[in-house]
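Note sheet for the following structure.
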Amino acid sequence: MIGLTTDPIDPDELRKQLFDPAAGAYCSFEGWIRNENEGQAVLRLEYEAYEPLALSEGEKILAEATDRYSCAHAHCRHRTGLLEIGECAVWVGVSAPHRDEAFQACRYIIDQLKVRLPGKRNTTSMVTLAGSIASAARRFTSDEEYPARGPATDPGRYAYQYPQRPVQTRSLSP
């Protein structure tokens, strides 16, 4: 069973769903939002997913793992939306008759999810934040600092030109 959610993931609650008296092993994986990615400081992440496709492909991955490694149960929960540092972004859990199958199935599922699950991950880092601030600052600075980009060089781009209409006046006195 796979699910997408905007709510925080509760691993303890999900673990309970995997209990099976025939299973002698349980293995799980939690992926957390960390504060660094590719050498850049990360402030938060935003996950987007096309839910129908993500769910159908996710179910295929879980079925493959269950068949390949003889698991009793395999579940996955993935967050969407805005996530802060330290939050759980993805959880995978597997119960199986033996530990080796549980470990291998859990590893297979998370590896396949990273490759096959359609979605988009937007990272907000100090660099992107600084770039956004600099971009906003350029938009709100005077024309003297950026003469080639302001209304002085291209007035039609930066300000709506109202058409000239004759002014009609009325006298308020009788």
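The values are calculated or read from the model by the stated rules, or taken from the named source; none is laboratory data. Just so you know, these numbers come straight off a predicted model, no measurement behind them. Using ideal geometry, Cβ is built from the backbone for each residue, glycine included, and neighbour counts are taken over all protein chains shown.
Out of LEU43, LEU53, one residue alone is modelled with pLDDT under 95 and under 19 Å from GLY3 (Cβ atoms). It is LEU53. Of the strands (runs of 3 or more DSSP E) that lie entirely inside the range 1-97, those containing 3 or more residues that are within 15 Å of the chain's Cα centre (by Cα) span 2-5, 40-48, 73-79, 81-84, 88-96. Only one entry of GLU57, GLU101, GLU64, GLU87 meets the criterion of being acidic (Asp, Glu), under 21 Å from GLY119 (Cα atoms), in contact (Cβ under 8 Å) with a residue 60 or more places away in the chain and in contact with a helix residue (DSSP H, G or I) (Cβ under 8 Å, 6 or more places away or on another chain), and that entry is GLU57. The set of residues in the range 1-37 being surrounded by 12 or more Cβ atoms within 10 Å (Cβ to Cβ), under 11 Å from HIS73 (Cβ atoms) and among the aromatic types (Phe, Trp, Tyr) consists of TYR26 alone.
Is it fair to say ASP67 is under 14 Å from CYS106 (Cα atoms) and surrounded by fewer than 18 Cβ atoms within 10 Å (Cβ to Cβ)? Criteria met by ASP67.
It is to be established whether one or more residues within the range 2-9 are hydroxyl-bearing (Ser, Thr, Tyr), modelled with pLDDT of 95 or more and closer than 21 Å to ALA105 by Cα. So far as the range 2-9 goes, no, none of its residues is hydroxyl-bearing (Ser, Thr, Tyr), modelled with pLDDT of 95 or more and closer than 21 Å to ALA105 by Cα.
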